[in-house]
There are 4 protein chains.
Amino acid sequence: MGSIYGKIFQISTFGESHGVAVGVVVQGCPAGISFDLEFIQSELDRRKPGQSRITTQRKEADSIEVVSGVFEGKTTGTPIAMLVWNGDQRSKDYSHIADQFRPSHADYTYFAKYGLRDYRGGGRSSARETVARVAAGALAKLVLSQLGVKITAYVSQVGTLKLSTPVEQLDLSLTESNAVRCPDPVLADQMFQYIDDIRKQGDSVGGVVSAYITGCPVGLGEPVFDKLHAELGKAMLSINAVKGFEYGSGFDGVEKKGSEHNDVIVKEADGTVRTLTNHSGGIQGGISNGEPIYFRVGFKPVATIMQDQDSINEKGDKITVSGKGRHDPCVVPRAVPIVEAMAAIVILDFYLRNRVIQMPS
Amino acid sequence: MGSIYGKIFQISTFGESHGVAVGVVVQGCPAGISFDLEFIQSELDRRKPGQSRITTQRKEADSIEVVSGVFEGKTTGTPIAMLVWNGDQRSKDYSHIADQFRPSHADYTYFAKYGLRDYRGGGRSSARETVARVAAGALAKLVLSQLGVKITAYVSQVGTLKLSTPVEQLDLSLTESNAVRCPDPVLADQMFQYIDDIRKQGDSVGGVVSAYITGCPVGLGEPVFDKLHAELGKAMLSINAVKGFEYGSGFDGVEKKGSEHNDVIVKEADGTVRTLTNHSGGIQGGISNGEPIYFRVGFKPVATIMQDQDSINEKGDKITVSGKGRHDPCVVPRAVPIVEAMAAIVILDFYLRNRVIQMPS
Amino acid sequence: MGSIYGKIFQISTFGESHGVAVGVVVQGCPAGISFDLEFIQSELDRRKPGQSRITTQRKEADSIEVVSGVFEGKTTGTPIAMLVWNGDQRSKDYSHIADQFRPSHADYTYFAKYGLRDYRGGGRSSARETVARVAAGALAKLVLSQLGVKITAYVSQVGTLKLSTPVEQLDLSLTESNAVRCPDPVLADQMFQYIDDIRKQGDSVGGVVSAYITGCPVGLGEPVFDKLHAELGKAMLSINAVKGFEYGSGFDGVEKKGSEHNDVIVKEADGTVRTLTNHSGGIQGGISNGEPIYFRVGFKPVATIMQDQDSINEKGDKITVSGKGRHDPCVVPRAVPIVEAMAAIVILDFYLRNRVIQMPS
Amino acid sequence: MGSIYGKIFQISTFGESHGVAVGVVVQGCPAGISFDLEFIQSELDRRKPGQSRITTQRKEADSIEVVSGVFEGKTTGTPIAMLVWNGDQRSKDYSHIADQFRPSHADYTYFAKYGLRDYRGGGRSSARETVARVAAGALAKLVLSQLGVKITAYVSQVGTLKLSTPVEQLDLSLTESNAVRCPDPVLADQMFQYIDDIRKQGDSVGGVVSAYITGCPVGLGEPVFDKLHAELGKAMLSINAVKGFEYGSGFDGVEKKGSEHNDVIVKEADGTVRTLTNHSGGIQGGISNGEPIYFRVGFKPVATIMQDQDSINEKGDKITVSGKGRHDPCVVPRAVPIVEAMAAIVILDFYLRNRVIQMPS
């Protein structure tokens, strides 16, 4: 349980960090979509390690293989299974960490829950699982792009370095022009230096990914529990290392008065209903109102650091956990496509759910 | 769709603000639980309007009626339906607001989504729906109390007035001793005055509810998508007016380094595995680790204010929406039992899910 | 668990035979449907006891009360809760049967499963629960009638008395003209006499309900597990006392050769694709092909008889269970609207599911 | 949609007949199960083609590859993905049948539903998908065998040749001793001859698979919709070519009187509660009562025959469909392990569901 997401566009992921492969089965993808394998691969490439010296130097090709559900270049309406093989990592020796509980990792909780665990590289709890999310999310993006929906994420904070420019004044096309994925090139440079310093210290640092979604029709999201922002929140909080989610005015909005915070509704000359401000973040009563949807996702400093740390092993003995290997000092640059992927999965699912609520005319 | 929550302890709510009744059907409640109707009613009383001059003065008795699933004082394992009748509100005249879209309410989005809407008091989008959540949550609390789990929420911020005392240093038993539900009596007084001033201005203000959960066993929560904090996040974000959720170190943790943020694991003399710090908020890899679980929920200033506001109606004409009636200037005092209820529903659901993951010995 | 049915048009039922009420919450009903309360009541009237001397003489008004989801005569897209109150039956004394396990009832299995049970009239296991199905099914029928789908069921067997006329040669409008609900008036008379004799013996007898559905578009049903006939089968088998389900050629088809059984496909002058025969029962590969859908549902003789029977009580002592009260000697006449209701729920659910599988043009 | 089955032990299958592979992701398998790959492979071998001259002569190795969820020989509680590669069948030329609608196949309904289809060997509608069911079912059997549950199926009818011996008088260990999988060796010989004759005629014939399950605890199955037999019925009806399902006394029970049909309950000397007869098929009120569970599954003659048949193509032109290739004249011998697999999946799912209904003592 726990590895299925979505109600209609539904993804089921599997695979361990150092197992044979990671993969996903997508159910409920509409039939007849042109399946752009190159695009899906390019999204995986945005996520993959080794993109610059501030990401982990592990080498993973992360080539996608499509196993089912696509015929003559189009989706057929049947389940689409996609696999990424894990390469030759099975040969490594992990016995020295087999019984170690690393601080702030899931080693102890998995062991306590299941009575045993795949200790190689975190097993199922590893962020390697997000390969499957990016593949499925890329497919969702393909469908959404035909519907005019555009999902963009970017790094807006690394440690204490914050991007405070309002999103409307940013040139989001610059996001992919630097290794940090921050659309402000000057700040991106500072962030890069900061992460590189952290890396040299063998330490890690947190950050924030912001997302901005345009082109959503009015009406996405369901009343009560499955509100659009509640589902976006769950999707984001399910990404490794995420500690917080806020949308629209978020926690800052808490301090506002209603008279400042309410978004006045107007009808434009072309008949479009708009709001003069957008503290609501494009969502009212859990349902999209046609304005841009925006939210922020907070990531903690990753638990893996290249320093010695105290801990215990399975028997309860005190041990020293030594940091070794190749890891990300800050996950947010590589988290950008993951945030986009999960947002795409949520939005497409609601898009499809929305097609059943009124009768055909 | 959208009105069902939970996988095993599953609630299905129904009812409109000014309809006949609001209610809930609870499926998956274990059999044999002593059904304490008085306790459930007392939780509804904590939520109900008219508790002090800083909450809405509407009079709603909110008496619970149990329709099924309980026999001779015990749950039978079959669906438990509970109803709260809405009193005589059906007689009111709402025709003057029938075609108005109130700013930052769900009027426009519901209308656009469904093509029609129950305009009386917000219909299904009204926070009156949370009556059903509190009833179901009270039942979940009853079960959890037998399992040693204790869920407490309290107001930790109103506007810019913040409670910065760490939760371990608070006396949470004081929470219910004041109308604001803030466990710091001095700050509670200031918050009360502030809310009362806002009320006199005909305005509203936001706030934060914090939650603190103790007694959870290790192992609650599922890998990948159904992480414990992801589900708590969705549950909280689904409550009316919520704009943000963070757990453990939350957005503040973003600025930390891994070496500061990691929680060192130790084994105590009695064999209990603990962490020396708890930046993880009691959850590692999405699974409870036995430490206290804590999180914060940010509420916006409610959209209903007693001031004139510009807007449009269904036809798109410019109108003035006049604030009238009796509403809450700040929702957080009454939101405390709602946050507790949703937390209880999530925790109990994972508790039950957890019973199927290992084989019986 | 177990009391929810459907994926999009989803019903959640509750209530015990002698509890306060039985009811249903319907989620996923499209918005804007004219809610015809009179029609729903008329379907409940077809199911209710006391219609003739061959059905139980219990008096239950079975008046429906709508609690939510309907506004100004139309469905709003939010959950529709409907209740039928159980009258004054709570005052009866059931203590003499409180610890008895009646033969071929669910008394023992419920007790063993839950550790306790509502022993009054079978509690949740009573066929009184089907009131809720008929109410929800009537709503589904209302929607389907707008889509041109017509669902008709009728009694085709009582004991050894079988209706062997092919359905195409029957005048189904005669079904409601007799108390047995058999469209062959002569056979209906014989069946009536037979059931009446069984009744006088204090015994019961089984029967078969056949269903015939026209106007379904091509394409209802999903590949693999959620085949149209698999879901119809589950829905029918979930009705109290059902022991078998077959569709199209059914068990008789087993004896056929492929060359006899295959349905030749043709295109008619008006462009309609048809099959020359319909051994497939309107379903190929689990998906409707536009031909009439037909199936048969076998009901056992009801377990309640007016004769003394050996059994045991909770303690395991041998007892004699005495038949008392007012019960149906043969359930099939009253099962006709229940079969129709469940078929309507299944068909409408697939109809709505079908709207998400292709992209909008 | 449609390719997921189960609530807790949940399988998600994928793959087309002539695609790259068929496979399954199993969620909710308990952790710590010894994963017996050899046993799983042996179950696939029981299903695979080419076992005798009365099954299709296609050559498929059907070797299972485990991709995730197993570590050091044990299940880890995370999703278990299993694949069977389809060999070199991609090279074949199917263009001559690309636009043909074969009689009583799913060609037309898939095309109408999705607007396109994988025409190679039936694509997703092919019985090749059952490879995935057998793999998942073998895993379920492994778990159930530790719990003392034994599931056995056998061929009880081919065409008009019926096995009428009561199951208690059969030696089910003989089932696997012949190619037909009928436990009566004499009848098995006749069935073999009959199928072989049908094969020589280029025709096909239907049959019945019976199942017999022992060792189930009391209490499996849920009230109302998810009755044990309703779920078994859906699972069986979802298998390719199935037209009917009956359990216990089934359609024959329809003709009985209640006084003949009711199963008298007794308590044996050792404290076991039993019934003197078992017309109920081990299930009362949808819940297992501890007696053996038995049911019958009717399969139609397969649609593929080696004879010319009239039909139409996508354009609606009349065509002749020519039977070519290697196909099963009668599917029931190879359906035996599929019936067992689906039964195991259903039983294990209820077994796990049953662990959440009472509180721990």
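For the condition over 24 Å from C:Ala235 (Cα atoms) and either without any contact (Cβ under 8 Å) to a residue 40 or more places away in the chain or open to solvent by less than 10 Å² (accessible area, probe 1.4 Å) (or both), what is the one hit in C:Val70, C:Val26, C:Val84? Break it down stepwise before answering.
Values: C:Val26 fails: over 24 Å from C:Ala235 (Cα atoms); C:Val84 fails: over 24 Å from C:Ala235 (Cα atoms).
That would be C:Val70, the only listed residue that is over 24 Å from C:Ala235 (Cα atoms) and either without any contact (Cβ under 8 Å) to a residue 40 or more places away in the chain or open to solvent by less than 10 Å² (accessible area, probe 1.4 Å) (or both).
All but one of (1) away from every other protein chain (no Cβ under 12 Å); (2) more than 30 Å from C:Thr76 (Cα to Cα); (3) modelled with pLDDT of 95 or more hold for C:Val155, so report the exception by its number.
(1)
For residues in segment C:33-65 being closer than 21 Å to B:Gly115 by Cα and buried (at least 17 other Cβ atoms within 10 Å of the Cβ), which is farthest from the chain's Cα centre (by Cα)?
Per the stated criteria, the residue is C:Ile33.
Name the residue, out of B:Ala127, B:Ala98, B:Ala135, that is more than 14 Å from chain A (Cβ to nearest Cβ) and within 18 Å of the chain's Cα centre (by Cα).
B:Ala135
Go through (1) more than 7 Å from chain D (Cβ to nearest Cβ); (2) more than 25 Å from the chain's Cα centre (by Cα); (3) under 30 Å from C:Ile195 (Cβ atoms) and name the single condition C:Cys330 misses.
Failing condition for C:Cys330: (2).
If you scan segment B:252-266, which residues turn out to be open to solvent by 30 Å² or more (accessible area, probe 1.4 Å) and either touching a strand residue (DSSP E or B) at 6+ places or on another chain (Cβ under 7 Å) or at pLDDT below 95 (or both)?
Scanning segment B:252-266 gives B:Lys257, B:Val264, B:Val266.
Mind listing whichever residues of segment C:112-132 are touching a residue at least 60 places away in the same chain (Cβ under 8 Å) and assigned to a loop (DSSP other than H, G, I, E, B)?
Once the filter is applied, which keeps residues that are touching a residue at least 60 places away in the same chain (Cβ under 8 Å) and assigned to a loop (DSSP other than H, G, I, E, B), segment C:112-132 yields C:Asp118, C:Ser126.
Could you list, in sequence order, the residues of segment C:279-290 that are open to solvent by 30 Å² or more (accessible area, probe 1.4 Å) and in contact with a strand residue (DSSP E or B) (Cβ under 8 Å, 6 or more places away or on another chain)?
Hit for segment C:279-290 is C:Gly290, nothing else.
Quick one: is D:Asp203 within 11 Å of another protein chain (Cβ to nearest Cβ) and surrounded by fewer than 24 Cβ atoms within 10 Å (Cβ to Cβ)?
Taking the combined requirement at face value, the residue satisfies it.
For segment D:73-95, give me each residue that is of a type in the set (D, E, K, R) and either touching an Asp or Glu at 6+ places or on another chain (Cβ under 6 Å) or at the interface with another protein chain (Cβ under 8 Å from one of its Cβ atoms) (or both).
Correct list: D:Lys74 only.
From the set of residues in segment D:173-228 that are closer than 18 Å to D:Ala241 by Cα and part of a helix (DSSP H, G or I), which is nearest to the chain's Cα centre (by Cα)?
D:Ile195
So, in segment D:209-230, how many residues would count as being of a type outside the set (Ser, Thr, Tyr) and more than 7 Å from every other protein chain (Cβ to nearest Cβ)?
Pass one, segment D:209-230, residues of a type outside the set (Ser, Thr, Tyr): D:209, D:211, D:213, D:215-230.
So of that shortlist, the ones also more than 7 Å from every other protein chain (Cβ to nearest Cβ) come out as D:209, D:211, D:213, D:215-217, D:220-221, D:228.
So the count comes out to 9.
Which condition number does B:Asp317 fail, the rest of (1) free of Cβ contacts under 8 Å to residues at least 12 places away in the same chain; (2) more than 19 Å from B:Pro103 (Cβ to Cβ) being met?
Single failed check for B:Asp317: (2).
Does D:Gln146 satisfy being open to solvent by 40 Å² or more (accessible area, probe 1.4 Å), more than 14 Å from every other protein chain (Cβ to nearest Cβ) and not β-branched (Val, Ile, Thr)?
no
How many residues does segment C:1-10 contain that are within 16 Å of the chain's Cα centre (by Cα), among the aliphatic types (A, V, I, L, M) and not in a strand (DSSP E or B)?
The qualifying residues number 0.
D:Gly2 versus (1) at negative phi; (2) touching a Phe, Trp or Tyr at 6+ places or on another chain (Cβ under 7 Å); (3) free of Cβ contacts under 8 Å to residues at least 24 places away in the same chain: which is the lone unmet condition?
That leaves (1) as the condition not met.
For A:Lys141, work out the one condition from (1) crowded, with 24+ Cβ neighbours inside 10 Å; (2) within 14 Å of another protein chain (Cβ to nearest Cβ) it doesn't fulfil.
(2)
State whether one or more residues within segment A:244-259 are more than 7 Å from every other protein chain (Cβ to nearest Cβ) and without any contact (Cβ under 8 Å) to a residue 40 or more places away in the chain.
The answer is yes; a qualifying residue exists.
Looking at A:Tyr114, is it out of contact with any helix residue (DSSP H, G or I) (no Cβ under 8 Å at 6 or more places or on another chain), crowded, with 18+ Cβ neighbours inside 10 Å and modelled with pLDDT of 95 or more?
On the way: out of contact with any helix residue (DSSP H, G or I) (no Cβ under 8 Å at 6 or more places or on another chain): yes; crowded, with 18+ Cβ neighbours inside 10 Å: yes; modelled with pLDDT of 95 or more: no.
For A:Tyr114, the condition - out of contact with any helix residue (DSSP H, G or I) (no Cβ under 8 Å at 6 or more places or on another chain), crowded, with 18+ Cβ neighbours inside 10 Å and modelled with pLDDT of 95 or more - is not met.
Return the only residue of B:Val273, B:Val302 being at the interface with chain A (Cβ under 10 Å from one of its Cβ atoms) and more than 30 Å from the chain's Cα centre (by Cα).
On inspection, the qualifying residue turns out to be B:Val273.
Counting only residues that are among the hydrophobic types (A, V, I, L, M, F, W, C), open to solvent by 30 Å² or more (accessible area, probe 1.4 Å) and in contact with a strand residue (DSSP E or B) (Cβ under 7 Å, 6 or more places away or on another chain), how many does segment C:291-334 have?
Residues in segment C:291-334 being among the hydrophobic types (A, V, I, L, M, F, W, C), open to solvent by 30 Å² or more (accessible area, probe 1.4 Å) and in contact with a strand residue (DSSP E or B) (Cβ under 7 Å, 6 or more places away or on another chain): 2 in total.
Looking at segment D:152-170, can you tell me whether even one residue there is open to solvent by less than 10 Å² (accessible area, probe 1.4 Å), touching a strand residue (DSSP E or B) at 6+ places or on another chain (Cβ under 7 Å) and in a helix (DSSP H, G or I)?
No, every residue in segment D:152-170 fails to be open to solvent by less than 10 Å² (accessible area, probe 1.4 Å), touching a strand residue (DSSP E or B) at 6+ places or on another chain (Cβ under 7 Å) and in a helix (DSSP H, G or I).
If I go through segment A:276-299 residue by residue, how many of them are at the interface with chain B (Cβ under 7 Å from one of its Cβ atoms) and aliphatic (A, V, I, L, M)?
So the answer is 1.
The values are calculated or read from the model by the stated rules, or taken from the named source; none is laboratory data. Keep in mind it's a predicted model, so treat the numbers as computed, not measured. Virtual Cβ from ideal backbone geometry, glycine too; neighbours counted across all protein chains shown. SASA here: full protein model, heavy atoms, side chains in, ligands and nucleic acids out. Shrake-Rupley method; radii C 1.70, N 1.55, O 1.52, S 1.80 Å.
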